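K.L.:
Okay, here's the structure, questions in a sec.
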Amino acid sequence: MIARTLVVALLLVTALVLQTALFPAVTLFGFRPDLLLLIVIAVALHDGSMAGARVGAAAGLLVDLLVSQAPVGLSIVVYASLGHVIGLARPYLATDSVTAPLLLAFATGALGTAGYGLLTSLLADEPTTTGLLVRAALSVGLYNTLLAPLAYAVVGRLAGRFPLTGAPSRE
Amino acid sequence: MFQRRRARILLVVVLLSALVLVTLDFRGEREGPLEGLREVATSVFRPVQDGVTILLSPVGDVADRVRELFAIRAENRELRERVEELEQRRSSMRDLARENDALRDLLEMRERTELETVAGRTVALAPSNFEWTITIDVGSDDGVDRDMPVIDGDGLVGRVIQVTPGAARVLLAIDPNFSAAARTATTGEIGSIDGRGGDPMLLSMLDTDATVEVGEEIVTSSFDGGVFPAGIPVGTVREVGEGDAGLSREVDVSPFVDFTRLDHVLVLRSTAVDELPPFEGTEGLDVRRPGADPDDGAETDEDDGPDEDDEGDGPDEDDEGDGEDADDEGDGEDPDDGEPDGNAGEEP
């Protein structure tokens, strides 16, 4: 369990480093992907809502502390909620198909970005226009879709090697 | 079921914690405990971030280069389109320059002829392969009438053969039905220039012994009662035929006008041979012109030479002059006889 926690933490930190060090130079329509959200979704799809909410909370805290200037807690709300919801919806999703995880990556990327944008515009002093929100949501959704296969593969391999104790079955 | 419940509880706890954090951070206004936590996290994480950034900067540079490449391609495409646009504009400028030259020539020609003119533009060419005509955009409303000569900046174009209020059809000088009096510019040898359906035109010299040089300029003549004013450039002699036993000598003439590129033309509205002003001191004299009232014919007969009654009598005193011109009577077409025809009656 400790090893798994460490591995997931390392995965989140790596994703955060890539997101802050590499992807600012490799943007899509001027927007970066949300790698941490991808990791959260991948974990939730693999291990369920409990793991999704936990990893989401951790990822959110990392983002809030290291990346965002918005009040601490906003990313936690977004990531943990999405991780939980995706984990809950897992039995109803055809996770073995190719298109469903990709569509999920797009939807969560767009929803997460839009939700975070809305929250920051409501709670922080960062006025955001609807046009910017839509563009950011669509771009991040698209970017996450492109990176989703890689993220799913990495998370799947790590989760297979360090299985969650008492993780619920997919069936 | 138990897992789901636990997950739900966990989510509620997480969300509540997050809201507490948000509230704390919001109230702390950059000085609360969370700000300290943020600073610690940043200071721990910064070296890692810096190191990774340095390591990955080449990757970022590559991405930048790739993006730059696309930008350059787009810029290149834009520049190509711009170049094409400018090329097209240059072509149209050339066309404008050419048109400007043609109009200058036309203006020059207009000043040279000193005749009243109407400027027109070619709007249509003859639909038939055996008819060399053009339609111009000026007609009777502009004062254009049948048989009026048409010229352009290079020279003789043709004559008007059909007129409507807003347009006129012009028979081109190269049409086989076209014929005009012409002469050589340097020696004044008279002939008739005819169209042959293209280049060259045919100049039939009346004097078969006349000396005509290749390259000599041919202009119109008002001889033959002329539709055309004298001196309009027609073309240059390309080839001189052998003087045979025929009535005329055939000369090939290359027209000055490019009949395939007719655009702006001038219709000459003035009559071919303007009425000359009376000589000084002749105001009191009774001067008759040809075609005047027939009742006055007896009086003019004396001036015009022999009448029918004179034929059998041989030359009388009045006819002495005519008798000397016996040779002229033979050809009957001596230019000297023809050209002043219109003026004969005006001589005192």
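Bear in mind these aren't lab numbers, they're just calculated from the coordinates by the rules spelled out. Here the structure is a predicted model, which means the values were calculated and not measured. All Cβ positions, glycine included, derive from the backbone under ideal geometry; neighbour counts span all protein chains shown.
K.L.:
Could you work out the percent of alpha carbon pairs in segment A:2-158 separated by over 22 Å, rounded to a whole number?
P.N.:
34
K.L.:
Which value, in debye to the nearest 20, describes the size of the charge dipole of chain A about its Cα centre when Lys and Arg Cβ atoms bear +1, Asp and Glu Cβ atoms bear -1, and nothing else is charged? Can you show the working numbers first?
P.N.:
Numbers: 8 positive and 7 negative charges, 72 e Å.
The calculation lands at about 340 debye.
K.L.:
What's the Cα-based Rg to Rh of segment B:117-268, Rh via Kirkwood?
P.N.:
Details: Rg = 15.2 Å, Rh = 15.4 Å.
So for segment B:117-268, dividing Rg by the Kirkwood Rh gives 0.99.
K.L.:
Moving on to the next point. Provide the packing ranking of A:148-155, A:54-61, i.e. peptides ordered by the mean count of other C-beta atoms within 10 Å per residue, highest first. Walk me through the numbers before you get to the answer.
P.N.:
Details: A:148-155: 17.8, A:54-61: 27.5.
Highest-to-lowest ranking by the protection proxy: A:54-61, A:148-155.
K.L.:
In what sequence do A:ILE86, B:ILE174 fall when counting other Cβ within 10 Å, fewest first? Spell out each step's value before the answer.
P.N.:
Numbers: A:ILE86 24, B:ILE174 20.
Ordered from fewest to most neighbouring Cβ atoms within 10 Å, A:ILE86, B:ILE174 come out as B:ILE174, A:ILE86.
K.L.:
Taking the Cβ of each residue in B:SER43, B:SER179 as the centre, tally the other Cβ atoms inside 10 Å and list the residues starting with the fewest. List each step's numbers first, then the result.
P.N.:
Numbers: B:SER43 9, B:SER179 17.
Sorted ascending by nearby Cβ count, the order is B:SER43, B:SER179.
K.L.:
Give me the extension gain from B:SER43 to B:ASP145: residue separation times 0.36 nm, minus the current Cα-Cα distance, reported in nm with one decimal. Write out the running numbers ahead of the final one.
P.N.:
On the way: separation 102, 0.36 × 102 = 36.72 nm, distance 9.93 nm.
Gain on extension, B:SER43 to B:ASP145, equals 26.8 nm.
K.L.:
Which order results if A:ILE41, B:ILE134, B:ILE151 are arranged by neighbouring Cβ count within 10 Å, fewest first? Please list the in-between numbers first.
P.N.:
Values: A:ILE41 32, B:ILE134 22, B:ILE151 28.
Ranking A:ILE41, B:ILE134, B:ILE151 by Cβ neighbours within 10 Å, fewest first, gives B:ILE134, B:ILE151, A:ILE41.
K.L.:
While we're on this one: So what's the convex hull volume per residue for the Cα atoms of segment A:65-107, in Å³?
P.N.:
Values: hull volume 3.7 nm³, N = 43.
In segment A:65-107, the Cα hull volume divided by residue count equals 86 Å³.
K.L.:
Given the Cα-Cα distance of B:SER254 and B:SER57 and 0.36 nm per residue of separation, how much length would full extension add, in nm?
P.N.:
On the way: separation 197, 0.36 × 197 = 70.92 nm, distance 7.68 nm.
Result for the pair: 63.2 nm of gain on full extension.
K.L.:
While we're here: Taking the Cα centre of segment B:78-143 as origin, sum charge times position over the Cβ atoms of Lys and Arg (+1) and Asp and Glu (-1), and report the length of that vector in debye to the nearest 20.
P.N.:
On the way: 10 positive and 17 negative charges, 53 e Å.
Using only the charged Cβ atoms, the result is roughly 260 debye.
K.L.:
With angles folded into 0 to 90 degrees, how steeply does helix A:99-123 sit against the dominant principal axis of chain A? Use alpha carbons for both and round to 10.
P.N.:
Compared with the principal axis, the helix lies near 40 degrees.
K.L.:
Just to check I understand the Karplus step: with θ = phi - 60° and J = 6.51 cos²θ - 1.76 cosθ + 1.60, what whole-Hz values come out for segment B:181-188, glycine and proline as x?
P.N.:
Residue by residue, segment B:181-188 yields 6, 9, 8, 6, 5, 8, 9, x Hz.
K.L.:
Now for a separate question. How big, on average over all directions, is the shadow cast by the Cα convex hull of segment B:98-204, in nm²? Let's see the in-between values first.
P.N.:
Numbers: hull surface 29.7 nm².
Approximately 7.4 nm², given one-decimal rounding.
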